[in-house]
Amino acid sequence: MDVPPVTPEAAPRPAAIPIPDLALTAPEPDPKPTPARGFDAVAEAVLGDEPVTTDGAGTAFLIEPMVRINDAVKAGRIDEAAGLAERTVEDAAGALGPEHPEVLRLRELAAYIAYLAGDPLRAFHLSLDLARIRHGAHDAEAAYGNVQSAATAWRAVRDPEQGLALGRDLIDLWTELTAEDGPAVEDIEELESARARMGRLTERARRAAE
């Protein structure tokens, strides 16, 4: 399935693949550089030819499949990329453990590819699961990045009842993040935007039930 062709400003646009708008709202001008988070960070890594894996011991076996996944994404072969990503996540989790940093980064890539493939439900669940893991590890920056990715996927879910169910889980975790030090506190207006969407979904669900 096609996704709206909008490319993150910080990354070069490949000719063959549309990149979605990953911002929840237009940011105010900020003199300080903002680190890429969520799908933004994954898109920039893929488009910029940055290796997803590190050079750490025991991860060299991931380099070859990662090159193939990145090439497939940039060429627009999203179904192929999704299959490769799923197998690579399984192999990496088996070899390194399900919460190894490289496995978490691969799962972020799998969520991004699912979003590109028009599967926002899978992208949402993968991203929110990652946010919970990062939150439990007290990594506020990474957890908020994954919440942003989950929110991007959630906004692509059109069914109001489904959107309400997903939104409750998203906002519960998001609210927890705002109670701690970290970027979620600085972007409180994004949480308010998500709550406003819940109101619109509630009204749509009510009208559909009439």
- Sparsely packed trypsin sites (Lys or Arg not before Pro) within the stretch 149-181, loop by DSSP, other Cβ within 10 Å at most 15: R158
- Report the net charge of residues surrounding P101, where surrounding means a beta-carbon distance below 12 angstrom and charges are Lys +1, Arg +1, Asp -1, Glu -1. -1
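Read the figures in this text as sums done on the coordinates, not as results from a lab. No experiment lies behind these values; they were computed from the predicted model shown. All Cβ positions, even for glycine, are placed from backbone atoms using ideal geometry, and neighbour counts span all protein chains on display.
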